[in-house]
Amino acid sequence: MHTNASNAAVVLRIQGEQVKMVVADNGKGFQTPSELGSLVCSGKLGLARAEGWVRSAGGMLRIESAPGKGTKLTVELPLDTS
């Protein structure tokens, strides 16, 4: 695993008109916010593709990370009620 995590958790919920998924691990996290931004912009990170897919579906992807503190991804997508 890239993150060196020993634990990870995934929570999936329907909240009102949207689906919310949270994925969190206890891995090494990202060194700096600028490192994450440059990796996403260069397309060298799978998160760049994930963000594109989420946006194309009308959703939002939030990434929280800190060195030695792990990483938490939150994805919110509209629930298709048609």
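Hey, could you check the stretch 10-67 for residues that are part of a loop (DSSP other than H, G, I, E, B), modelled with pLDDT under 90 and charged (D, E, K, R) and say which is farthest from LEU79 (Cα to Cα)?
LYS28
I'd like the full set of residues that are of a type outside the set (D, E, K, R), over 13 Å from the mean Cα position of the chain (by Cα) and surrounded by 10 or more Cβ atoms within 10 Å (Cβ to Cβ), limited to the stretch 13-28.
Residues of the stretch 13-28 that are of a type outside the set (D, E, K, R), as a first pass: 14-16, 18-19, 21-24, 26-27.
Cutting the leftovers down to over 13 Å from the mean Cα position of the chain (by Cα) gives us 14-16, 18-19, 26-27.
Passing the criteria: GLN18, VAL19, ASN26, GLY27.
Quick one: in the stretch 60-80, of everything that is small (Gly, Ala, Ser) and free of Cβ contacts under 8 Å to residues at least 60 places away in the same chain, which residue is surrounded by the fewest Cβ atoms within 10 Å (Cβ to Cβ)? Give the derivation first.
Initial filter on the stretch 60-80 (small (Gly, Ala, Ser)): 65-66, 68, 70.
Checking which are free of Cβ contacts under 8 Å to residues at least 60 places away in the same chain leaves us with 65-66, 68.
Working: SER65: 20, ALA66: 14, GLY68: 9.
For the stretch 60-80, the residue satisfying everything is GLY68.
The values are calculated or read from the model by the stated rules, or taken from the named source; none is laboratory data. Please read these numbers as outputs of a predicted model, since none were measured by experiment. Neighbour counts run over all protein chains shown; Cβ positions are idealised from the backbone, glycine included.
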